[in-house]
1. Once you put a point 7 Å from the Cα of D1176 and another 7 Å from the Cα of L876, both along the Cβ direction, what distance in nm separates them?
2. Over 31 Å between C-alpha atoms is what I'm after, so list which of K75/K168; K914/K1075; K467/K1250 land there.
3. Please list 3J(HN,Hα) in residue order for the stretch 522-528, calculated via the Karplus relation 6.51 cos²θ - 1.76 cosθ + 1.60 where θ = phi - 60°; whole Hz, with x for glycine and proline.
4. For Q1036 and N1082, what is the calculated FRET efficiency with R₀ set at 41 Å and r taken between the beta-carbons, to the nearest 0.05?
5. From the phi of every residue in the stretch 842-848, what ³J(HN,Hα) in whole Hz does the Karplus formula 6.51 cos²θ - 1.76 cosθ + 1.60 yield, where θ is phi - 60° and glycine or proline is x?
6. If you rank K914, K1081 by how much accessible surface each has, with a 1.4 Å probe, what is the order from largest down?
7. Long-range amide H contacts for E1161: which residues qualify at under 5 Å (H placed 1.01 Å from N, peptide plane, sequence gap of 5 or more or a different chain)?
8. Leaving out ligands, DNA and RNA, and with a 1.4 Å probe, what % of the accessible surface on the stretch 463-532 is carbon or sulfur?
Amino acid sequence: MKTLPVVLSSSPLCLPLRQKYSLELILKKQIHFSFTFLFICLESYIKSEVLHAYAFLLPSCDIAVTRKVVQVYRKWILQDKPVFMEEPDKKEASLEDAEKLGFSETDSKENVKAGAQAMLQVFLTNAANVFLLEPCPEVPMLLKEQVDACKAVLIIFRRMIMELTMNKKTWEQMLQILLRITEAVMQKPKDKQIKDLFAQSLAGLLFRTLMVAWIRANLCVYISRELWDDFLGVLSSLTEWEELINEWSAFRLFFLSYPLSGCVLDSPKGATVGRSFSLSWRSHPDVAEPMRSRSATTSGAPGAEKARNIVRQKATGKCLFKCFSKVCCYLRWICRNKIKGCNDEIKIVFTDMFFSIDSSECLADDCSIIAGGNLTGWHPDSAAVLWRRILGILGDVNNIQSPKIHAKVFGYLYELWYKLAKIRDNLAISLDNQSSPSPPVLIPPLRMFASWLFKATTLPNEYKEGKLQAYRLICAMMTRRQDVLPNSDFLVHFYLVMHLGLTSEDQDILNTIIRHCPPRFFSLGLPGFSMLVGDFITAAARVLSTDTPAVKALTILGSLVCFPNTYREIPLLQSVPEVKEVITGSEDVKVPHFPSFSFFFKRCIAICSLGVWICEELAQCTSHPQLKEAINVIGVTLKFSNKIVAQVACDVLQLLVSYWEKLQMFETSLPRKIAEILVATIAFLLPSAEYSSVEADKKFIVSLLLCLLDWCMALPVSTLLHPVSTAALEEQHSSRAPLLDYIYRVLHCCVCGSNTYTQQSHYTLTLADLSSPDYDPFLPLANVKNSEPVQYHSSADLGNLLTVEEERKRRSLELIPLTARMVMAHLVNHLGHFPLRGGPAVLHSLVSENHDNAHAEAPELSSEVFRSPNLQLFVLNDSTLISYLQTPSEGPAGSSQGSTLSDVRVIVRDISGKYSWDGKVLYGPLEGCLAPSGRNPAFLISGWQPQGLGAQKDFSQTEEGDDVLDKLLENIGHTSPECLLPSQLNLNEPSPPPRGMNRDQEKEIIEVILRQNAQEDDYIQRCNSDSAMKVASQEQPSPVEPRGPFYFCRLLLDDLGMNSWDRRKNFHLLKKNSKLLRELKNLDSRQCRETHKIAVFYIAEGQEDKCSILSNERGSQAYEDFVAGLGWEVDLSTHCGFMGGLQRNGSTGQTAPYYATSTVEVIFHVSTRMPSDSDDSLTKKLRHLGNDEVHIVWSEHSRDYRRGIIPTAFGDVSIIIYPVKNHMFFIAITKKPEVPFFGPLFDGAIVSGKLLPSLICATCINASRAVKCLIPLYQSLYLFALSM
C-alpha cells in the first residue's frame, strides 16, 4: 500500500497540496495510519518507521521544512500529547482487538494508543539525521538554518532529559544517539585553513547536552559499563575542543558548588518532576548498608579505582561545607598511594583506605541506582560516583595535544583542588562555637591528582604553562597538613619531582616552586624532607639574584636559619645532569648572604632572619666566625634611608639586650661596641632629623635613644665607665673618656641641639671613630626610598584635621629633646641599682602626700590633704613637680620630740617618674643605733689596746662599807706610778710623821685644826640663814620647740639654695586647688613605664570551639615550659606592678606571668591560669583575653587555627605557635592590613625551643607598639606626664 510522504517537497508542484492541508494534520494522519499497521503486522511497522525518517532526510536546502517538523514534535512531546502517544490498554494490545479494527479509516482507528516510550525512541532515531546532513558552509543562510534546526532538536532533547520520565531503553538510546551525534559532528576531518563552522556553532550546546544527559540518566536508570567506556572513548578523543574543556570544568565544579538539598527527582512511580537536574536531590532515612561496586570504568582518570563504593548517608545539609561533608564521606579513594614505577613514567594507584567490602555481602535496596540499588535521584553515593567519573571522563589529561588546553585543564584542576581544600577545612567545624564535633572519618581526596601532576612535570617545554600549573598544585597539595601521611613510594616520587624542579635551569619553574611552597613545608615533618633543604637554599639564592619572588625566597631562607644546629649533617640530594637514581650526600648548610633589594619589605625579612640567626648562634654557644659580621650589617642598617627597615634593625639590637652576657662570652668588648654604635649613629642622624619634616625620622631617633637606654641599664657600670678606645680617638685625644661620658654628651646634644658645639667631632663619638677591621660603619647599602605611611581621614575627622596636624607638628618638634631628657633622668635615678630590693615590679615611689600626714587622715589624695599646713608644692624649671611634706617626729622612746635630726619628706615627679626622699633617712641616725654619750666609737682605732697594763678593774660596783677614796687612791698609784711620792708609798697609805715633832705637839696641832673647822662651820650656818648673803644660781636655758608646721621644710629649702635670688625665677610655689589635685591623681594613675598586656591561649588536639579552648585548665609540658619562659610568676594579690586589668581577689586567677625591665612592663593574660569553673568565669576570661590587641595561640591541634574561634573585635595581631619535630616551632603571624611590619619573628619562621620565649616576647612587644601607633595622637607615657 502506498503512503503519503511525511513531508511534502518544497517544489512549486507541491504548493497547492501544502496549502490545502496543514502540516500538522498531514503528520497526524500519517502517523495514525502508520501505527494502525503497527498492530497488524511487523512489516507495516517497519514501513511506518521509514516514513517517519523521511521527514528528517530532506536535503539542506529544505531544512526550513525540517524545522517545522521539529516544532510539531516538540509540541507533541512537551505540550499536547496526541492519542497515539498514550500508553495502550491491555485490551487494545491483544491481537483479537486489533483485528476488529479493520483497515478502513473509522473513528476507532483514530484512537490507537502506541505509547510514549516508543514514540520517543522513534523521534530520537530520526532526529539524529538532522546532524548527519552535509552542511553547506558556502551558503551562510542555509548553514545558519541547519544550525538552528540542530539546536532546536538539542533543546527538545534537554527538555526530554529534564522533564520526561523515560525507561532504561529510551535512556540508552538517547545516550547512544548523543554519542554518535557528537562523534560524527565533532570528529569530522577539518582543513587546517578552513574552520568547521557547523561544529563550532554546536560544540558548546552539544557537549553540555551530552553531559546533562549522562548525569541525568545515571540518576534514573542503570547505565552499563560498556556505555560508560564508549562515553569515555568519545570524549577523550575530542580534547582538542576548548568547549569540551569548559563544559567539563563547569560540571566537575557543579558537584561542589550546589547544596545537597532541593527538589526531589521523579521516580518511576510518578513523583514530582524538578525543572533542573541540578535541583534534584532526594532525602531519605540514614542507613548504613554496603553498595554494589562501580559498573563502568574510569580508565584515564587519576588512578584506577578498584574498591567498592560506600553506603549512602542522609544528606540534609543546608550550606556548602555541611552538605558536601556527606558527599565526601563516599570519596573512598583518598590519596593513599601505591606507586608502580616504570623507567620514565610515574603511575599512582589510589587504593581504598576506609572500607573493604567483601563480595559476599548482600546488596541493599536502599542504594542509588548507580550503586545497584533502586533509589533514583541525587544521593551522596550517586553524587560521589558521578563526580569521580565526570572528573576522569577526559582520560589522561597529559595526552591533550594542545598546550593551551592542557594548561587550561590544570588551571581548572587547581580550582577544583582549592574547593576541595576549603571543604576539608570546613569539615568538623562547630557551627555554634560551643562544642567541638568529632573529626571526620572520611575526607576529600586532596592527593588524587598526583599521578597527573607528576607526569605533567615530565612533559616537553612546549607544555610549560601546564607544567607550571602542575608544580603550583603539587606545592599546594604537599604544604598542607596531611591527614594521612603519604607512603614511602609516594614520597620518593614527590622528592624526585621537587628535586628536578628546584635544580631546573628554567627560572620560571624555580620562581613557581619558591612562590607556592611556603616554609610550612619544613614544619610538616614529612619523612626525609630534610633532603630538599640544600635544593631550597640553592634555588632561593638563584631567585634572589633575579629579584622576582624575593620575599618568598627570603622567608624560606629565614625559616631555615635554626636548622644547621638542629640537623648537624643534613643528607642532601645532589644535582646531576641526568638523574637515574637518587644520590645522597652530606654537607654543611651555610648561612646565605642577603643581597641588596629595591623593596623595603624584603630587607625587613632579611634583617629579622639575621637577628634570629644571631640569637640562635648565641644560645647554642657555637662561636660562629660570622657573628661579628652579622652585627656589623645590623649596625650599618640603622642609618638606612628607609626608616621602616632601620626600625627593624633597631628592634633586633633591642632584642640582643637580653643576650648581652652571651655576647660578652663571645667577645668581651662586643656589648660595649654595640652601645658605641648606637651613640655614633644617633650623633650621625641627629642633624638631619632635627630639621626633617618627616615624622618617621624623629620617631626613629626616639627608638635609638630608648634602645641605648636599655643597653645602658643592662650593662654593668664598670663596662660603661670603660674608656672608649679606638685608633682614631687615640690620635685626636691623649686622654680617653669613658663610654658613659659619650652617652651623656650625645644626650645633651639631643636636648640642646646638634649645633651646640662647634667642634662636634671632638665632643661626640662619630662613626668614623668606630672604624676597625672588625667593624665597617660605611658598609655600602642599596638606596631604598623612604615610605611615610599615607594618612587616610574619614569625613568625620575632616573638621578637626587642622587642629590634629598642628598638634602633631608641635609634638614632633619636641619629641627628640623630651626623650633625651627622660633618658638622662632615668640614668641618673636608676643606673646601677635596678632592680630594687622590692623586685623589678617596683621602679618608682608609691608614696603620696597623704601618707604619714598627721593633718590628713584620707587614704588617698583629696582636698583634705591640700589643707594641710605642713605641705607645699613647687614646680622647678617648668618640668619637675616637687612636694615638701613635714612629717611627725618619731624619736626614741623617752626622748623629746625635737631630738630627731630631720622629719622632711620630698616627693619629686619629673619626666622619668616619681621619687620620694626622707630627710630622716638621709641625715638622721640609722634605726636601732644610738650615738654614744662619750667617745664616738667610730674614731677608735680597730684592735688598739694599752700596752703594759693588766686587767682593768670595774669600779662602778663596790660593796657597802668600802672606802671608795681609799680604793681610788690605790688604783691611781697602781695605774699611774708617776703619781707616787718619792717614798714610793701607796697613795692610800698615811705618810710618816715629820721629823722633830713629838706626839703632844702633833695632838695640839690637830686640836687647833678641828677648832678652826668648827668655827668655819658655824660661820657658814650663820651665812646660810642670812638672806642677804645668798647669790642667785645660773640655770641652763630650756629648749624651745619650733611651732611652725613647715619649719624643717623651710630649712631644707634654704640649705638646697632654692630660696636664693638666682633660683627664685625657676622655682615657683603652686596654688593648691581642685585642678591641681585632679592632675596629680591622673598623673599618679599613669604607669611610669611602657605597659603591654598579651593574651595567651592553649588549644589541645581536636578543639574547634571557644568553650573547649577557654575551659583548658592546664596544657602540655612544652606549653608550660614556654609560658614559664615568657616571664616570672607573680602573686596577683600582692603584685604592685602593672596588672593589665587582672583582679587581686582571685576572680581572674591567683598568678600570672610578668616581665619587666626598667622601661617596659608586660603582663600575660594566660587562659590556663584563669578559673573556668562556671559560665560567668568563662565570660570574664573571654572579656580579658579578647580585649587584648595581641594574641599568642599555642596550637597542638592537627588543623590550622581559625581566628573566628575567639570572637572579638580586637586581636589585631595573632601569633600562632605550632610545635613540630625536634623541639622546633613553626610561627604563623596574622594581622590586620593596617598594622605596620614588626619583628623579629615573621610569618613562616621556624625557631628552636631555646629561642621561642624570648623571641615571642620581643615580637609581642613590637606588635603591641605597632598597633598603638595607629591610635591618633598617641604618645609615650613620659611625653604625657610632661604635658600634664
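The values are calculated or read from the model by the stated rules, or taken from the named source; none is laboratory data. Model, not experiment: these values are computed from the prediction. Cβ placement follows ideal geometry from the backbone for every residue including glycine, while neighbour counts extend to all protein chains displayed. We work out accessible area using only protein heavy atoms, side chains counted, and drop any ligands, DNA or RNA first. Shrake-Rupley method; radii C 1.70, N 1.55, O 1.52, S 1.80 Å.
1. 5.1 nm
2. Values: K75/K168 23 Å; K914/K1075 19 Å; K467/K1250 42 Å.
Listed pairs above 31 Å: K467/K1250.
3. So the Karplus estimates, Gly and Pro as x, are 6, 8, 6, x, 5, x, x Hz.
4. Numbers: r = 54 Å, r/R0 = 1.31.
Efficiency, from the Cβ-Cβ distance: 0.15.
5. 9, 10, 10, 5, 9, 7, 10
6. Working: K914 25, K1081 90 Å².
Highest to lowest solvent-accessible surface, that is K1081, K914.
7. When sequence neighbours closer than 5 places are left aside, the close amide H contacts are E1090, T1091, H1092.
8. Numbers: 1140 of 2240 Å².
On the stretch 463-532, the fraction of accessible area on carbon and sulfur atoms equals 51 percent.
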